[in-house]
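Asks: The structure follows.
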Amino acid sequence: MRSENYYTMAFDSTHFAVAAEKYIAPHIAVEVMPTLRKITASCGISLRIEEKDIEKLKMLIAENKPIAENSALYHVTGGQIKPETL
């Protein structure tokens with residue numbers, strides 16, 4: 001069962017969303033999802049990451065500058081969306 005508390009990554013373009021999914025998926029579970037309406041600066045495709053995987057995600061993104069520079073991370077908890085630092 002999926003948790004209501006999770007992280008989502010939004011991207012500047014579909015290209016970066018697809019590249020990030022291919023880069024991250026071998027290491028942690030990710031799901032492609034529509035970008036949440038409250039996140040306005042995005043291409044419309046986001047990735048869902050469970051809370052337990054956030055430290056691994058941050059480590060992976062730190063190793064990939066193009067993805068880091070063209071994405072934003074948000075924590076979704078209790079219906080609230082809060083920007084996070086990558």
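Asks: Does region 33-47 include one or more residues that are within 12 Å of the chain's Cα centre (by Cα) and over 22 Å from residue 15 (Cα atoms)?
Replies: Among the residues of region 33-47, not one is within 12 Å of the chain's Cα centre (by Cα) and over 22 Å from residue 15 (Cα atoms), which makes the answer no.
Asks: Also, I was wondering about something else. Report the residue count in region 30-59 for those that are on the phi > 0 side of the Ramachandran plot and buried (at least 16 other Cβ atoms within 10 Å of the Cβ). So that I can check it myself, show each step before the final result.
Replies: Narrowing region 30-59 to residues on the phi > 0 side of the Ramachandran plot: 44.
Next, from what is left, pick out any that are buried (at least 16 other Cβ atoms within 10 Å of the Cβ): none.
Residues in region 30-59 being on the phi > 0 side of the Ramachandran plot and buried (at least 16 other Cβ atoms within 10 Å of the Cβ): 0 in total.
Asks: I would also like to ask the following. Considering only residues that are out of contact with any helix residue (DSSP H, G or I) (no Cβ under 9 Å at 6 or more places or on another chain) and exposed (fewer than 12 other Cβ atoms within 10 Å of the Cβ), which ones fall in region 15-29?
Replies: Within region 15-29, the subset out of contact with any helix residue (DSSP H, G or I) (no Cβ under 9 Å at 6 or more places or on another chain) is 15, 17-18, 21-22, 25-26.
Scanning region 15-29 gives 22, 26.
Asks: Specify the residue that is surrounded by the fewest Cβ atoms within 10 Å (Cβ to Cβ); the eligible residues are those in region 60-86 that are hydroxyl-bearing (Ser, Thr, Tyr) and farther than 12 Å from residue 16 by Cα.
Replies: Start the filter on region 60-86 by keeping residues that are hydroxyl-bearing (Ser, Thr, Tyr), which leaves 71, 74, 77, 85.
From what's left, farther than 12 Å from residue 16 by Cα: 74, 77, 85.
Details: 74: 21, 77: 14, 85: 6.
Filtering first and then ranking leaves 85.
Each reported figure results from applying straightforward, stated rules to the coordinates on display, with no laboratory input. In this text the structure is predicted, and so the values were computed from the model without any measurement. Note: ideal-geometry Cβ built from the backbone for every residue, glycine included; neighbour counts use all protein chains shown.
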